[in-house]
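A short worksheet on the structure shown next.
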Number of protein chains: 2
Amino acid sequence: MSTPTEIARTAALASRTLKAVSGDDRSAALTAVHDALAAAKDEILAANQKDMEAAQALVDAGKMKQSLAKRLLLSDSKWDGMLEGILDVRNLEDPVGKVTMATKLDDGLDLYRLTCPIGVLLVIFEARPEVIANITALALKSGNAAILKGGKESTASFAAIANVVSRALATTKIPSGAIQLVQTREDVSALLDQDQYIDLVIPRGGNDLVRYIKENTKIPVMGHADGLCAIYVHPDADAAKAVKVVVDAKTDYPAACNACETLLVHQDAATTLLPKIASALLEAGVSLRCDSVSKAALQGSDLDSAKKLILQDSTEEDYNTEFLELTVAVKVVSGLDEAVEHINQHGSGHTDAILTESKETAESFMNRVDSAGVFWNASTRFADGFRYGFGTEVGISTNKIHARGPVGLEGLTIHKYQLRGNGQGASDYGAGKKAYLHTKIEDINI
Amino acid sequence: MSTPTEIARTAALASRTLKAVSGDDRSAALTAVHDALAAAKDEILAANQKDMEAAQALVDAGKMKQSLAKRLLLSDSKWDGMLEGILDVRNLEDPVGKVTMATKLDDGLDLYRLTCPIGVLLVIFEARPEVIANITALALKSGNAAILKGGKESTASFAAIANVVSRALATTKIPSGAIQLVQTREDVSALLDQDQYIDLVIPRGGNDLVRYIKENTKIPVMGHADGLCAIYVHPDADAAKAVKVVVDAKTDYPAACNACETLLVHQDAATTLLPKIASALLEAGVSLRCDSVSKAALQGSDLDSAKKLILQDSTEEDYNTEFLELTVAVKVVSGLDEAVEHINQHGSGHTDAILTESKETAESFMNRVDSAGVFWNASTRFADGFRYGFGTEVGISTNKIHARGPVGLEGLTIHKYQLRGNGQGASDYGAGKKAYLHTKIEDINI
């Protein structure tokens, strides 16, 4: 077994080689990984079976939720999706070497800003076994080396997949050390000290994981933390749209980070729109935790009396809770200002939506809510790399720097500045000497 | 006095207001700050006089270098430059609200990525008093609130300037809490815990400061650390260009982070180009610390015998040292590979240059050297926000995420995604349902 320092150093060395590998060669490596995985299906599914058996034993002993055990299964459809995903990433445009700025400082002194890989990523992710293939594809396509640590419940599946990836890379121009798997929490802990080799830590998981990582490393962290998404209903919202969007945002996939957890309703809509939305939500099996004002409004409305019976009282804590199930916290607010204030204070900066027919109100909401996604008359569930057209995503960042929102290949790159001169010195320029041109280079030919 | 928590909370509240202030109002605030500073010249110069007296006492007591004391002086030319700098920043294009991506997900479902302020910055900078005005201007122009801590040697000057800024902001649409000054190291230490309010720490200073900050905060850090810049001379370099560029990079301003500290010479150039470069450097008063191979090559060359006498021997440490004075470490390498390896291992990832007439060699160098700036036949001294055409800079980042190289207004922004819909739910899309368009929106009208 390699030590964490050796793993990090190996990754850094691989990263240097990887930076000089062409986009075609990186894509070819993804084809090789795809083909090798396809050929090793039996081997990998056998490993997955081991994980499933261990998980089922824990479920039987009451030590694991059945829902978690389900996520570990590499079903046929997940398997196919996993393989297809690798080819999807392969087919995306090369994110490396794009010119994002080109300025003529002077004749024969041209400045270019080009995208390049970040270097070495440490990615800590959940137990879904198919995720390792997805992250591998994104890392290699963007020219980054990656050290991977997946949830321990899929240890056997991860090891089998990593083995196949490693063997496949050995046949390509990508060094095998570009993708390494670590298996224990202790490994991760030691890797967090390797800031001379690792450039970015990407923890996918809850706030607790992200906070722990941030507290224990000097390496930059791109946190993919909780999603406490809210929808605010303005009195002028269209009733049909409001019902549609809120029900979709809450029920389409309640366990997702972009599901709606809090419903804020303008006081003037409490007796008009809220009963319609509440009725549809209850119909869809959603539990409503209401503050006193919203509950009173619903009790006084024409809502079915059976539905009135199952309304619940909310606590303060409910407005800070990511339920991840068919429960929503409801609150009546005095207006847009209070809604914005509530979201900025209680939300997680992930994605929040307003329902209104007024462009001006929507603009104000989208301008003032400080979240990665600010939506107008659309479900929070659209916050997703695939839906945004990024092909796929590493996760959804709630960071305020580098990448925010769904992170695709672009978020795994940084830039460098190339200056192409002809022997110039800075002392040639300045007061009484040559002046900088600073014109945009339109016809890029490097 | 406010506590650090109060200061951070005040900044966060100011930041929310600031995000809704228009670009014109932000620019108007810079005009107000400029005018107020101009009107308060006597008051501020009197405070600067106090700092100078305290500094001179320390110099006399042998406790401060004269060169540092000099930097504290707010001379007439620095004063004028400081005021002019505020107007320069004011006149730059508004960095907020720029559309950097626009995708039609479906008819009536439009996704826009817009630039927006990061939020609250904590900027720790050196003792030059004029810097506070520069950073204030950059922060306000980019819509960020900032908490500022400058070097203690300019305490009185900073307090006077911050006072004037505060009074000026009170007459504008920017809340006064948008710019706050803290005075002690203890304040900074306590502020590093305020990750719920502060979004980014920008330490301008040496590696030790940056490392200390990274070790003591969960807040993202944009480090402006040392510059250990190297120039590599390939045998096919043009001699005149090589002499010109190396001398400029070493002597134009030796105390700058973009000055050249290491000179790497291909073995085939050790007896051809190196003597010419060495002669010019020695002529300019530069001390050469040579490895045994370069020293032998120079001793055997036609270099003046007097110059041969003052060649020094290098130690390993010299190749890891940012001299910041007229000293350069010289080393002969076996070729491009060793030069790249040396730079990636010993450099600080700031700016490194190659001198060669071969495009292919230059491309390989620029591709493989992992630095913010990779230059071909141009002095490392060009690595600078003003020279790059950014108007000004917060500093030069050696980070591998968010902003790398000179950081201007763009580096002080992040983005948010706006989705503008018409009542759509994510459950409308997918297999057997509607498909995403993912077409680029060419005609942006929001």
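The values are calculated or read from the model by the stated rules, or taken from the named source; none is laboratory data. What you see is a predicted model, and the numbers here were worked out from it, not measured in a lab. Note that we place each Cβ from the backbone using ideal geometry, even for glycine, and neighbour counts take in every protein chain shown. Note: areas computed on protein heavy atoms with side chains; ligands, DNA, RNA excluded. Shrake-Rupley method; radii C 1.70, N 1.55, O 1.52, S 1.80 Å.
Quick one: which strands (runs of 3 or more DSSP E) sit completely within segment B:165-258 and have at least 3 residues that are open to solvent by 10 Å² or more (accessible area, probe 1.4 Å) and either within 20 Å of A:Lys218 (Cα to Cα) or in contact with a Leu (Cβ under 8 Å, 6 or more places away or on another chain) (or both)? Step through it out loud before you land on a result.
Working: elements: B:179-181, B:200-203, B:229-233.
Because the criterion is at least 3 residues that are open to solvent by 10 Å² or more (accessible area, probe 1.4 Å) and either within 20 Å of A:Lys218 (Cα to Cα) or in contact with a Leu (Cβ under 8 Å, 6 or more places away or on another chain) (or both), the strands (runs of 3 or more DSSP E) in segment B:165-258 that meet it are B:179-181.
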- Would you list the helices (runs of 4 or more DSSP H) that sit entirely within segment A:272-312 and hold 3 or more residues that are free of Cβ contacts under 8 Å to residues at least 24 places away in the same chain? A:292-299, A:305-309
- Where a residue in segment B:139-165 is within 22 Å of B:Leu409 (Cα to Cα) and its partner, wherever it lies, is part of a loop (DSSP other than H, G, I, E, B) and not aliphatic (A, V, I, L, M), with Cβ under 6 Å and at least six apart: B:Ser142/B:Pro95; B:Gly150/B:Phe125
- Query: What is the residue count in segment B:94-118 for residues that are under 19 Å from B:Thr17 (Cα atoms) and among the β-branched types (Val, Ile, Thr)?
  - Reply: 3
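Evaluate the following for B:Ser334: is it touching a residue at least 24 places away in the same chain (Cβ under 8 Å), of a type in the set (Ser, Thr, Tyr) and surrounded by 18 or more Cβ atoms within 10 Å (Cβ to Cβ)? Reasoning before the result, please.
Working: touching a residue at least 24 places away in the same chain (Cβ under 8 Å): yes; of a type in the set (Ser, Thr, Tyr): yes; surrounded by 18 or more Cβ atoms within 10 Å (Cβ to Cβ): no.
Here the answer is no, as B:Ser334 does not meet what is asked.
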- Query: Taking B:Asp25, is it out of contact with any strand residue (DSSP E or B) (no Cβ under 6 Å at 6 or more places or on another chain), at pLDDT 95 or above and under 30 Å from B:Lys440 (Cβ atoms)?
  - Reply: no
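Residues checked against (1) of a type in the set (Asp, Glu); (2) farther than 30 Å from A:Ile401 by Cα:
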residue	(1), (2)
B:Ile219	no, no
B:Cys229	no, no
B:Val233	no, yes
B:Ala240	no, yes
B:Val245	no, yes
B:Asp252	yes, yes
B:Glu261	yes, yes
B:Thr272	no, yes
B:Leu281	no, yes
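Filter segment A:97-120 for residues that are assigned to a loop (DSSP other than H, G, I, E, B) and either charged (D, E, K, R) or not assigned by TED's automatic domain parsing to the domain that holds A:Ala156 (or both); which is farthest from A:Ser77 (Cα to Cα)?
A:Asp107
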- Out of (1) among the hydrophobic types (A, V, I, L, M, F, W, C); (2) open to solvent by 30 Å² or more (accessible area, probe 1.4 Å); (3) within 14 Å of chain A (Cβ to nearest Cβ), the one B:Leu111 does not meet is (2)
- Query: Just to be sure, is A:Ser294 more than 14 Å from every other protein chain (Cβ to nearest Cβ), closer than 25 Å to A:Thr351 by Cβ and open to solvent by 20 Å² or more (accessible area, probe 1.4 Å)?
  - Reply: no
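For segment B:259-269, give me each residue that is within 14 Å of another protein chain (Cβ to nearest Cβ) and outside any strand (DSSP E or B).
Across segment B:259-269, the qualifying residue is only B:Ala259.
Output the strands (runs of 3 or more DSSP E) that fall wholly within segment B:345-446 and possess 3 or more residues being within 9 Å of chain A (Cβ to nearest Cβ) and crowded, with 18+ Cβ neighbours inside 10 Å, or say none. Talk me through it step by step, then tell me what you get.
Values: elements: B:351-355, B:373-378, B:395-397, B:405-407, B:413-424.
Answer list for segment B:345-446: B:351-355, B:373-378, B:413-424.
Which of the following residues is open to solvent by less than 50 Å² (accessible area, probe 1.4 Å) and of a type in the set (Val, Ile, Thr): B:Thr31, B:Thr17? Even if it seems obvious, please write down each step before you answer.
Numbers: B:Thr17 fails: open to solvent by less than 50 Å² (accessible area, probe 1.4 Å).
Step by step, each of B:Thr31, B:Thr17 is checked, and only B:Thr31 is open to solvent by less than 50 Å² (accessible area, probe 1.4 Å) and of a type in the set (Val, Ile, Thr).
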- Query: For A:Leu409, which of the numbered conditions (1) touching a residue at least 12 places away in the same chain (Cβ under 8 Å); (2) touching a strand residue (DSSP E or B) at 6+ places or on another chain (Cβ under 9 Å) fails to hold?
  - Reply: (2)
- Task: Report, ordered by the first and then the second residue, all pairs with beta carbons closer than 6 Å, sequence separation of six or more or different chains, a first member in segment A:256-270 that is without any contact (Cβ under 8 Å) to a residue 60 or more places away in the chain, and a second member that is surrounded by fewer than 24 Cβ atoms within 10 Å (Cβ to Cβ).
- Result: A:Asp268/A:Pro235; A:Ala269/A:Pro235
- Flag for B:Thr321 being open to solvent by less than 10 Å² (accessible area, probe 1.4 Å) and among the hydroxyl-bearing types (Ser, Thr, Tyr): no
- Message: Looking only at segment A:168-223, count every residue that is of a type outside the set (Lys, Arg) and within 14 Å of another protein chain (Cβ to nearest Cβ) and tell me the total.
- Response: 26
- Message: Let me spell it out: the conditions are (1) within 28 Å of B:Thr31 (Cβ to Cβ); (2) surrounded by 14 or more Cβ atoms within 10 Å (Cβ to Cβ); (3) not acidic (Asp, Glu), and B:Ala102 meets all of them except one. Which number is the exception?
- Response: (1)
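Please work out if B:Asp25 is more than 14 Å from chain A (Cβ to nearest Cβ), acidic (Asp, Glu) and assigned to a helix (DSSP H, G or I). Spell out how you get there, then give the answer.
On the way: more than 14 Å from chain A (Cβ to nearest Cβ): no; acidic (Asp, Glu): yes; assigned to a helix (DSSP H, G or I): yes.
Taking the combined requirement at face value, the residue does not satisfy it.
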- Would you pick out the residues in segment B:313-327 that are polar (S, T, N, Q) and part of a helix (DSSP H, G or I)? B:Asn320
- Criterion violated by B:Arg90 - all others in (1) under 30 Å from A:Ala383 (Cβ atoms); (2) part of a helix (DSSP H, G or I) satisfied: (1)
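Determine, yes or no, whether B:Leu140 is touching a strand residue (DSSP E or B) at 6+ places or on another chain (Cβ under 8 Å), of a type in the set (A, V, I, L, M) and outside any helix (DSSP H, G or I). Quick ask: steps written out before the conclusion?
Details: touching a strand residue (DSSP E or B) at 6+ places or on another chain (Cβ under 8 Å): yes; of a type in the set (A, V, I, L, M): yes; outside any helix (DSSP H, G or I): no.
So B:Leu140 does not fit the description; no.
Tell me whether segment A:121-130 contains one or more residues that are assigned to a strand (DSSP E or B), open to solvent by 50 Å² or more (accessible area, probe 1.4 Å) and closer than 20 Å to A:His402 by Cβ. So that I can check it myself, show each step before the final result.
Just the residues of segment A:121-130 that are assigned to a strand (DSSP E or B), to begin with: A:121-124.
Of the ones still in play, those that are also open to solvent by 50 Å² or more (accessible area, probe 1.4 Å) are none.
Taking every residue of segment A:121-130 in turn, none turns out to be assigned to a strand (DSSP E or B), open to solvent by 50 Å² or more (accessible area, probe 1.4 Å) and closer than 20 Å to A:His402 by Cβ.
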- Item | Any chance B:Lys98 is within 14 Å of chain A (Cβ to nearest Cβ) and on the phi < 0 side of the Ramachandran plot | yes
- Can you tell me which residue in segment A:110-127 is nearest to the chain's Cα centre (by Cα), limited to those that are over 18 Å from A:Leu200 (Cβ atoms) and at pLDDT 95 or above? A:Leu114
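Does B:Thr392 fit the bill of being at pLDDT 95 or above, within 22 Å of B:Ala256 (Cβ to Cβ) and not basic (Lys, Arg)? Quick ask: steps written out before the conclusion?
Values: at pLDDT 95 or above: no; within 22 Å of B:Ala256 (Cβ to Cβ): yes; not basic (Lys, Arg): yes.
Spelling it out, it is not the case that B:Thr392 is at pLDDT 95 or above, within 22 Å of B:Ala256 (Cβ to Cβ) and not basic (Lys, Arg).
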- Starting from segment A:97-114, take each residue that is charged (D, E, K, R) and list its partners that are at pLDDT below 95 and surrounded by 20 or more Cβ atoms within 10 Å (Cβ to Cβ), counting only C-beta distances under 7 angstrom and pairs at least six apart or across chains. none
